[in-house]
1. Can you list residue pairs whose Cβ atoms sit under 6 Å apart, with the first residue in the range 130-156 being within 24 Å of residue 97 (Cβ to Cβ) and the second being modelled with pLDDT under 95 and not small (Gly, Ala, Ser)? Count only pairs 6 or more apart in sequence or on different chains.
2. Select from the range 217-234 the residues that are at pLDDT 95 or above and of a type in the set (A, V, I, L, M, F, W, C) and write down the one among them that is surrounded by the most Cβ atoms within 10 Å (Cβ to Cβ).
3. Check the range 122-134 and report whether any residue there is closer than 23 Å to residue 214 by Cα, modelled with pLDDT of 95 or more and of a type in the set (Ser, Thr, Tyr).
4. What tally of residues in the range 241-275 results from selecting those that are closer than 12 Å to residue 179 by Cβ and not aliphatic (A, V, I, L, M)?
5. Taking the range 94-108 only, how many residues are assigned to a helix (DSSP H, G or I) and surrounded by fewer than 20 Cβ atoms within 10 Å (Cβ to Cβ)?
6. Out of (1) in contact with an Asp or Glu (Cβ under 8 Å, 6 or more places away or on another chain); (2) closer than 25 Å to residue 67 by Cα; (3) surrounded by 14 or more Cβ atoms within 10 Å (Cβ to Cβ); (4) of a type outside the set (A, V, I, L, M, F, W, C), what's the single condition that is false for residue 190?
7. Looking at the structure I just gave you, is residue 219 without any contact (Cβ under 8 Å) to a residue 24 or more places away in the chain and among the basic types (Lys, Arg)?
Amino acid sequence: MPVTTIGMVGIGQLGLPIATNLLAADFRVVGYRRRDREAFVEKGGIALDSPAAVAAEADFILTCLPCEEAHLEVMEGPDGLLESIGPRHSLIEIGTYRKAFKQRMAHRIELRGARALEAEVSGTPSMVLQRKASLFLGGDADLVEHCKPVLDAIADIQFHIGELGCAVAMKLIANYLLTIHTLAAAEALNLGVRAGFSSEQLVEVIRQSAGGSTMFTVRAPMMASRTFSPAPGPFATLDKYIEMAGELSEELGCAAPLFNAAKPYFLRAIDEGIGEEDISAVIKLIEADSLAHPYKSKQHAD
């Protein structure tokens, strides 16, 4: 049986672990990135010189770009995908963009005879490698089934949310909670340390308690060890999701007391020059604010 070739346009922080999983599943993976392609090649991927070259070799094409502008560049630019795809192609969009943008691009893809599916990743790059991330899928059920061998190679946990555009809304809800939970983990760890516990003991006990959460399990150990770089999820990346999640909440008229309390901390981290550190570094801001409010003993409080 011939080996299936998967194309990837965008093999950076998130695209590389996705490509690694595809290679581990014995797919042949070709990819395009303007620079820093060495890690992809070291994993066994084949680097090509343009998005059009990727389309020429692969029926399944995954696009994983950081923003709408970058996505448009690989779709419309010289040797771009739009002029290179046809009825044999299925495009799986990994990037997170606004629903209206995704739907416009899907329409343009369909005009070429190809089909589009969105696959939003919920989880950090390291969670992708460990197969602990989830895929939120938006698109026709028959296309999901057609792409299933590729999707299964990326992640074990998958949810078909609905039509194209629905998955991004679910991703924003997940990141809405991620923002709140990460700040809550930082608050709890800081509280415990000031109460006299070691950060290591707090991580071990709380992660197995009723108060634990996925984000506590993932990020509290990073807070305890002060391992903020290299960053699996930097503030600078979360910034886009915070903005889009806030827009969704406002559009739907939702009360958002916890999100609105958490949001300024993550924006402040960027303003204070730690935007490239992992969002677990939000604990540094909590600690700084705690020092501004010195501990009061019970006797003094009485």
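1. Short answer, once both residue conditions are applied: 133/127.
2. 223
3. Yes.
4. Adding up the residues that qualify gives 10.
5. Final tally of qualifying residues: 7.
6. For residue 190, the failing item is (2).
7. Against the criterion (without any contact (Cβ under 8 Å) to a residue 24 or more places away in the chain and among the basic types (Lys, Arg)), residue 219 does not qualify.
The rows are residues; the columns are (1) in contact with a Pro (Cβ under 9 Å, 6 or more places away or on another chain); (2) outside the structural domain of residue 28 (by TED's automatic domain parsing); (3) charged (D, E, K, R).
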{"position": "144", "(1), (2), (3)": "no, no, no"}
{"position": "147", "(1), (2), (3)": "no, no, no"}
{"position": "153", "(1), (2), (3)": "no, no, no"}
{"position": "190", "(1), (2), (3)": "no, yes, no"}
{"position": "202", "(1), (2), (3)": "no, yes, no"}
{"position": "207", "(1), (2), (3)": "yes, yes, yes"}
{"position": "216", "(1), (2), (3)": "no, yes, no"}
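The values are calculated or read from the model by the stated rules, or taken from the named source; none is laboratory data. Keep in mind it's a predicted model, so treat the numbers as computed, not measured. Quick reminder, even Gly has a Cβ in these numbers, built from the backbone with ideal geometry, and neighbours come from all protein chains shown.
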